[in-house]
1. Considering every residue within the stretch B:23-40, establish whether at least one is of a type outside the set (A, V, I, L, M, F, W, C), at pLDDT 95 or above and under 16 Å from the mean Cα position of the chain (by Cα).
2. Cβ-Cβ distance below 8 Å, separation of 6 or more or different chains: which pairs start in the stretch B:34-63 with a residue that is within 14 Å of another protein chain (Cβ to nearest Cβ) and among the small types (Gly, Ala, Ser) and end on one that is open to solvent by less than 20 Å² (accessible area, probe 1.4 Å) and within 16 Å of ligand 2 (Cβ to nearest atom)?
3. Considering the stretch A:107-124 alone, what residues qualify as being surrounded by 16 or more Cβ atoms within 10 Å (Cβ to Cβ) and either more than 22 Å from residue A:34 (Cβ to Cβ) or in contact (Cβ under 8 Å) with a residue 40 or more places away in the chain (or both)?
4. Kindly indicate which of B:169, B:174 is facing chain A (nearest Cβ under 8 Å) and within 19 Å of residue B:198 (Cα to Cα).
5. Looking at (1) open to solvent by 10 Å² or more (accessible area, probe 1.4 Å); (2) in contact (Cβ under 8 Å) with a residue 60 or more places away in the chain; (3) in a loop (DSSP other than H, G, I, E, B); (4) away from every other protein chain (no Cβ under 11 Å), which is the one condition that is false for residue B:156?
6. State yes or no: is residue B:141 more than 7 Å from chain A (Cβ to nearest Cβ), surrounded by fewer than 17 Cβ atoms within 10 Å (Cβ to Cβ) and either at pLDDT 95 or above or assigned to a helix (DSSP H, G or I) (or both)?
7. Which of the residues spanning the stretch B:32-76 are farther than 20 Å from residue A:131 by Cβ, of a type in the set (S, T, N, Q) and more than 13 Å from ligand 1 (Cβ to nearest atom)?
8. Name the one entry in B:101, B:95 that is at negative phi, modelled with pLDDT under 95 and within 11 Å of another protein chain (Cβ to nearest Cβ).
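The values are calculated or read from the model by the stated rules, or taken from the named source; none is laboratory data. Since the structure is predicted, the reported quantities are computational estimates derived from the model, not experimental observations. Using ideal geometry, Cβ is built from the backbone for each residue, glycine included, and neighbour counts are taken over all protein chains shown. Heads up: the accessible areas ignore ligands, DNA and RNA and are worked out on the full protein's heavy atoms, side chains in. Shrake-Rupley method; radii C 1.70, N 1.55, O 1.52, S 1.80 Å.
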Amino acid sequence: MSWNPTDYQFAWNVVWQYRFWLLEGTLLTLKIAAVSMTLAMIFALPLALLRMSRLRFLSGVAMIYIAVLRAIPLLVFILWMYFGVTLVTGLQVDAFGAGVICLTLQYSAWLAEIYRAGLQAIDKGQREAALSTGLSQSRAFAKVIWPQAWRIIIPPLASNFIGIIKDSSLVGVIGLNELMRQAQIADSLSFRPFELFTAAMVIYIILALIISPLASLVERRAARSLSVQTRRATRTRRSLGAAA
Amino acid sequence: MDGSFTSVSADTQAGAGPLLELKEAHKSFGHVDVIKGVSLTVRKGEHVVIFGPSGGGKSTLLRMMNLLETPDSGTLTFEGKQYFPRMDSVLNRHRVLQQLRSQIGMVFQRFNLYPHLDALHNVTLSLTDVKRMSRKAARLKAEASLAEVGLKDRMDHYPSQLSGGQQQRVAIARALAMDPKVMLFDEPTSALDPELIGEVLGVMERLAREGMTMVVVTHEMGFARRVGDRLVFVSEGVIAESGGKEILSTPGEDRTKAFLEAVL
Ligand SMILES: Nc1ncnc2c1ncn2[C@@H]1O[C@H](COP(=O)(O)OP(=O)(O)OP(=O)(O)O)[C@@H](O)[C@H]1O
Ligand SMILES: [Mg+2]
């Protein structure tokens, strides 16, 4: 059986025919990504703080956790979690839960490193100034350190959100009808892989294209005062005389 | 509410007892001894100027006074209460530290203003957070402090929109707004262009005249001569010499003499 690409008759109407399937898949993809990302963003903060702990045992534990989770291929992790762990522990975890757990755990490791880089970029003097006026450690963090680090963290956070959307396509292997799997099922019924996977690809691209400018908008708004600072700091010092 | 720091002068005259007392302080980083047994008493209303060669331990000494740097040994007493060492539970220890620091203002060489907050909110943060003032009260208080340093019209400027001299004056206002009983300055003018130094020294001199207790690390010898009640020469982790203004013209120690010749 030979297949000559030049003979291929496109039938884009199949995409229209399965539009609700694809839409449903897209919504589930977004749901998985949003839930996992939110949880990962929360979980990553204590992880980053542990990693930065002065107690070597704590930072060691965090370091190992991060290294291990980043090393596991996500597909293996998902299969292990859904089929393996449930079998051994007897816990009933549905596909959605298993997928979210895996994405959350793995992305929390990535995000923890991003948080750490952001937090370490803040001058030590900021914390000292806050403490010197009597702020507690936690208030200094919440009011002074984190708002500044946050601005540094937003752009890599956005690219990780795009990453989590793409990686959620792997969750289809445990039977979750996200976008990728919906396209696959539609293909198995219609034998139109080119059209359907093209459609899936286009949807992934659109999602990414929506997120990037959204993130840079947030970033620009958040970083306005800071970016002004770096540009002006040197200039003002030279040119501005005694203005008062 | 006694907003301005002019009120300080009144109780300054009253007593000249020790306000802040560091005794036999030692501190090392790794295996480098940075402070080797320093005792320093700051009396109410007194203006202590600390000077000495780079790396001599001036900043470390100053930072021990509000326990930003924890001594390895020695004692720190503030208003008769011992703040170091203490036998507190972990929770209490933080509260006691906060209590100490909220009464001691500190001004840094590199200003350390919060870049994400405008001048006003740089000042109000600790008022609402530490002093638990209402937003409105904090705002009034901060406006008064900023007015004292001549920056009332720059309240809505971010640090990035201010000159170095203005930034340092906001930093002074931030410390002042807490009504500190003593102000610590760590080389407040050495990150400034020469033409901006005057405006900051001017604010500090006025503070001094109004009776604020001050400990100032500086290489501005003119300021030291005008304002210093006691000059302390710190070198290699010890107080090599201390005394009145006369030690600037007739230093008793060779090290002091050598340093002054190099600076002047
Ligand atoms: N956190 C630290 N870790 C390690 N070494 C430190 C630390 N802080 C200060 N030191 C060292 O302690 C010594 C004294 O430092 P300190 O900053 O107190 O000196 P200084 O008199 O303020 O100098 P300068 O005039 O340059 O500000 C220096 O050798 C410095 O390298
Ligand atoms: Mg110093």
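1. The answer is no, given that none of the residues of the stretch B:23-40 is of a type outside the set (A, V, I, L, M, F, W, C), at pLDDT 95 or above and under 16 Å from the mean Cα position of the chain (by Cα).
2. B:59/B:186; B:59/B:217
3. Matches in the stretch A:107-124: A:107, A:108, A:109, A:110, A:111, A:112, A:113, A:114, A:115, A:116, A:119, A:122.
4. Sole residue among the options that is facing chain A (nearest Cβ under 8 Å) and within 19 Å of residue B:198 (Cα to Cα): B:169.
5. (2)
6. no
7. B:39, B:41, B:73, B:75
8. B:95
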